[in-house]
Amino acid sequence: MSLISVENVSFGYARGRQVLDSVSVGVKAGTSVGLVGESGSGKTTLLRLLLGLERPTSGTVHFDGAVLDPRSGRFMRDYRRQVQAVFQDPYSSLDPRQNVLAIVSEPLRSLGIEGDRRALVTASLEAVGLDGTILRRYPHEFSGGQRQRIAIARAIVARPRLLLADEAVSALDLSTRIRIVELLKRLAAEMTLVFVSHDLGVVAALCDQIVILEKGRVVEAGPTRKILDDPRHPYTQALLRSVPRMPA
């Protein structure tokens, strides 16, 4: 059974703009799944549905066998403890007025998680390769890669079962991107990961499974290596041709 799934989900905005059309995707516990597509493919909208930030026009989202209902405060409180997110821009996702201790401990406070919060924050920072001595420092004092590590530490401090990442490395320089991908790969060995990206190269390095979206529809899905070695859909083939390659 899938840990999280969407079943025949469609989503549209006012004035008839359809973003997702009968999308079905299942993510089993312990796997890492990449949602891939160009701008306008619907991948970020799908992630918003998985986060409970939007409700589908039709179809259902399930988590651990239960329907994800954003209107249920009780359900969403438990859901937020089990599902956390990392976003594209590490600077804008961190409150510049708060220090690292306040930022990373925010899920513990909002979810009412008891225990030694300072110790939990320190352990979370160490898990992403940062020293516990930075607790009193502020976001502007760090590099982009360090800020993204802080954002990831905040996402994992409550020990979620599922981590949702939206273009989590695209705003970083190449060397930093590689290090963050390696970090996410280590974390994916301990939890379920859904990674949204337009970059097939990053997804190939990180994800076991891949879902290709084009104009709001799933056009191809399956094991990453199988799809990259033998893409069947013309859109997938076009995406692969666009991946930069080193000259021979």
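The values are calculated or read from the model by the stated rules, or taken from the named source; none is laboratory data. Small disclaimer: the values here were computed from a predicted structure and weren't measured. Quick reminder, even Gly has a Cβ in these numbers, built from the backbone with ideal geometry, and neighbours come from all protein chains shown. To get the accessible areas, we keep the full protein, side chains included, count just its heavy atoms, and leave off ligands, DNA and RNA. Shrake-Rupley method; radii C 1.70, N 1.55, O 1.52, S 1.80 Å.
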Handout entry: Only listed residue being open to solvent by 40 Å² or more (accessible area, probe 1.4 Å) and within 26 Å of GLY12 (Cα to Cα), chosen from SER72, SER58, SER92
Key = SER58
Exercise for the section: Scan the stretch 169-180 and give yes if some residue there is in contact with a Gly (Cβ under 7 Å, 6 or more places away or on another chain), among the hydrophobic types (A, V, I, L, M, F, W, C) and under 19 Å from GLN84 (Cα atoms), otherwise no. Expected result: yes
Completion exercise
Considering residues that are open to solvent by less than 20 Å² (accessible area, probe 1.4 Å), among the polar types (S, T, N, Q) and modelled with pLDDT of 95 or more, the number found within the stretch 8-42 is 2
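Suppose the filter is closer than 30 Å to PRO96 by Cβ, open to solvent by less than 10 Å² (accessible area, probe 1.4 Å) and aromatic (Phe, Trp, Tyr); does PHE195 pass it?
Judged against the criteria, PHE195 is a match.
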Completion exercise
Flagged in the stretch 46-101 as without any contact (Cβ under 8 Å) to a residue 60 or more places away in the chain, farther than 16 Å from ALA151 by Cα and of a type in the set (Phe, Trp, Tyr), in numbering order, are PHE75, TYR79
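Tally time: how many residues in the stretch 62-103 are among the hydroxyl-bearing types (Ser, Thr, Tyr) and over 17 Å from the mean Cα position of the chain (by Cα)? Steps first, answer last, please.
First, the residues of the stretch 62-103 that are among the hydroxyl-bearing types (Ser, Thr, Tyr): 72, 79, 91-93.
Pick out the ones that are also over 17 Å from the mean Cα position of the chain (by Cα) and you get 72.
Selection size over the stretch 62-103: 1.
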Handout entry: Selection status of LEU130, farther than 12 Å from ILE152 by Cα, out of contact with any Gly (no Cβ under 9 Å at 6 or more places or on another chain) and aliphatic (A, V, I, L, M)
Key = no
Problem - In the stretch 136-154, the residues that are part of a helix (DSSP H, G or I) and among the polar types (S, T, N, Q) - result: GLN146, GLN148
Practice task
Among the candidates ASP229, ASP166, ASP116, single out the residue that is surrounded by fewer than 17 Cβ atoms within 10 Å (Cβ to Cβ), out of contact with any Cys (no Cβ under 6 Å at 6 or more places or on another chain), of a type in the set (Asp, Glu) and within 28 Å of VAL27 (Cα to Cα).
Solution key: ASP229
Practice task
Check ASP69 against each of (1) at pLDDT below 95; (2) out of contact with any Gly (no Cβ under 9 Å at 6 or more places or on another chain) and name the one condition it does not meet.
Solution key: (2)
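Are any residues in the stretch 119-135 among the β-branched types (Val, Ile, Thr) and assigned to a helix (DSSP H, G or I), and if so, which ones? Spell out how you get there, then give the answer.
To start, the set of residues in the stretch 119-135 that are among the β-branched types (Val, Ile, Thr) comprises 121-122, 128, 133-134.
Within the stretch 119-135, VAL121, THR122, THR133, ILE134 qualify.
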Exercise for the section: Quick one: count up the residues across the stretch 136-177 that are within 22 Å of LEU49 (Cβ to Cβ) and among the hydroxyl-bearing types (Ser, Thr, Tyr). Expected result: 1
Handout entry: Count of the stretch 27-58 residues which are closer than 15 Å to GLU220 by Cβ and more than 14 Å from the chain's Cα centre (by Cα)
Key = 4
Practice task
Determine the pairs where a residue that is within 21 Å of LEU164 (Cβ to Cβ), located within the stretch 128-152, has a partner that is assigned to a helix (DSSP H, G or I) and of a type in the set (S, T, N, Q) with Cβ atoms under 7 Å apart, the partner being 6 or more residues away or on another chain.
Solution key: GLY144/THR176; GLY145/THR176
Practice task
Please find, among ASP21, ASP89, ASP69, the residue that is farther than 24 Å from SER197 by Cα and of a type in the set (Asp, Glu).
Solution key: ASP69
